[in-house]
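Remarks on the structure that follows.
The values are calculated or read from the model by the stated rules, or taken from the named source; none is laboratory data. The model shown is predicted, which means the values in this text are computed figures rather than measured ones. Neighbour counts run over all protein chains shown; Cβ positions are idealised from the backbone, glycine included. Quick note on the areas: whole protein, heavy atoms, side chains included, nothing else; ligands and nucleic acids left out. Shrake-Rupley method; radii C 1.70, N 1.55, O 1.52, S 1.80 Å.
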Amino acid sequence: MYQEYAWKKYNGKSLDELNKFAEEYKSFISDCKTERLCVAKSIELCKKAGFKDVKDVKELKAGDKVYAVNKNKNIAAFVIGDEPLTSGLAILGAHIDSPRMDLKQNPLYESETLAYFDTHYYGGIIKYQWVTIPLALYGVVVKKDGTSVSISIGDEENDPVVGITDLLPHLGAEKMQKVAAKVIEGEGLDLLIGSIPVADEEKDPSKKAILNLLKDKYGIEEEDFVSAEIEVVPAGKARDFGLDRSMIAGYGHDDRVCAYTSLMALLDTPKCKKTTCAVLVDKEEVGSIGATGAASKWFENTIAELISLTEDYSDLKLRKALTNSEMLSSDVSAALDPLYASVMERKNSAFIGKGICFNKYTGSRGKSGCNDAQPEFIAKLRKMMDENEVNYQTSELGKVDQGGGGTIAYILANYNMSVIDAGVPVLSMHAPMEIVSKVDVYEAYLAYKTFLKNA
């Protein structure tokens, strides 16, 4: 059902199912604020649904359910179909990283008896939005002996929070003359973390107090930050938004809303003709680079491994499997915000409440860096959605010359598979608090299930 508001069709049991799914998603996004936590939770959900680690499998047949993990920051889950892998897979691909700040490798310092962590922001943030809000710390510290210490501070009821201070308006006249990009600069995003000095310590007494605390609670030394990965994220759980509770406010909807709905669609879909897959990747917000980004060879290698477990392997079979695959690049889209409508082109915009959004292309200005899906593939998807009464819409990312953005779509399209972006519209994208509609979340889940069944 193209460009129709989806709430109209929900009542009674169907509305109860929608709200139940929204509550489960709120729990996921509240508990999984980093890539590692997303993967750990996804493994738990896969195991509960009867999936096995592919490392523990010696052969595969139709109906088998397996998952593969890469460096604790990627996961791909598969349901083996009736057809050989060379006929292609039906793939849902989302990313589980979100804009944030990371602690630098040598983060701890003191100034005027105040202790701070120095940070480096990750992904496209509006820096001033991250000031004077409660922030939490999540991550791992790996010591030289190989032991890993998990860090989680700021979200339990009795936890302290940290944050970034700002200048009072009474003294801010000069600062208020700066352009928005310069009001808060990257090197100004330092976290205030403590203020009690160690008695009888002359040099950096507050820094010493923090080091003592970290040593007592976590067994880590200052040098251990060199091999740490600690992320700074908004504190607090996802909440119902709006007096009618129609929306969800929370951190990381981009792109964990599509990651969760994609994974749940796979787990809830029985064996199909084609092998079905949900793959969750890292590093999209910084260009999909590195060993855990979509541009890594890991996913390709995993498909090769699956072929070797189902039949005699050859590189040609791998190439056929990838070329014959179809994929929804499950990524969010910018919803039209009436308060900032001037940057959008209304008839080609996504709207809150109209269901999943398909983006034929992203990129910027002259479609630079886009995928640009084939009309034959889009027509096939239109038919699927209409026949299964799924609400969907199409959009671009703002006016032509206004800006733009990208996803992982073009990377998988490099294998010659058919790919299109398909995800949930978001308000306040990349902010510490993003907003999505519950009905769009549920329609995305239904759309992903429809795709897996009919690809």
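Worth a mention:
- Under the criterion of Cα pairs below 8 Å and six or more residues apart, the relative contact order for the chain equals 23 percent.
- Over the chain: helical MRE at 222 nm, DSSP H runs n ≥ 4 each giving -39500 (n - 2.57), nearest 500: -8500 deg cm²/dmol
- Charging the Cβ of each Asp and Glu at -1 and of each Lys and Arg at +1, and nothing else, the dipole of region 53-173 about its Cα centre rounds to 420 debye.
- Solvent accessible area, Å² - E305, 1.4 Å probe, full protein context: 80 Å²
- Region 270-367 pair-distance distribution - Cα-Cα, 10 Å bins, rounded %: 11, 31, 30, 19, 8, 1
- Accessible area, probe 1.4 Å, largest first, for residues K8, K453: K8, K453
- Summing +1 for each Lys or Arg and -1 for each Asp or Glu among the other residues whose beta-carbon sits under 15 angstrom from that of A181 gives +2.
- Beta bridges by DSSP in the chain, antiparallel share as percent, to the nearest 5: 70 percent
- Percentage, to the nearest whole number, of Cα pairs in region 1-121 over 17 Å apart: 74 percent
- Once the gyration tensor of the Cα atoms in region 63-122 is diagonalised, the equivalent ellipsoid follows with semi-axes of 46, 11, 7 Å, ordered largest first.
- Ranking D82, D216, D224 from most to least accessible surface, computed with a 1.4 Å probe over the protein chains only, gives D216, D82, D224.
- Modelled FRET efficiency - R0 25 Å, E112 with S227, Cβ distances, 0.05 increments: 0.25
- A simple rule links phi to the HN-Hα coupling: the Karplus curve 6.51 cos²θ - 1.76 cosθ + 1.60 with θ = phi - 60°, which for region 34-49 gives 9, 4, 4, 5, 4, 5, 4, 5, 5, 4, 4, 5, 5, 4, 4, 8 Hz, with x for Gly and Pro.
- Share of alpha-carbon pairs per 10 Å distance bin for the chain, given as whole %: 4, 20, 29, 24, 15, 6, 1, 0
- Using the Cβ-Cβ distance between D216 and K48 with R0 set to 35 Å, the FRET efficiency from 1/(1 + (r/R0)^6) comes to roughly 0.45.
- Using the 1.4 Å probe convention, the accessible area of the chain works out to 46 Å² per residue with neighbouring protein chains retained.
- Here the spin labels are modelled as points 7 Å beyond Cα on the Cα-Cβ line, and at D386 and D145 they lie 6.6 nm apart.
- Taking all protein chains together and a 1.4 Å probe, the residues C258, C370 rank C370, C258 from largest to smallest accessible area.
- Computed accessible area, I435, all protein chains, 1.4 angstrom probe, square angstrom: 10 Å²
- Accessible area per residue was computed with a 1.4 Å probe on protein heavy atoms; R100 scores about 10 Å².
- Carbon + sulfur, % of accessible area of the chain - ligands and nucleic acids excluded, 1.4 Å: 51 percent
- Positive-end extreme of charge dipole, region 26-145 - chosen from Y122, V141, S111 (charges on Cβ): V141
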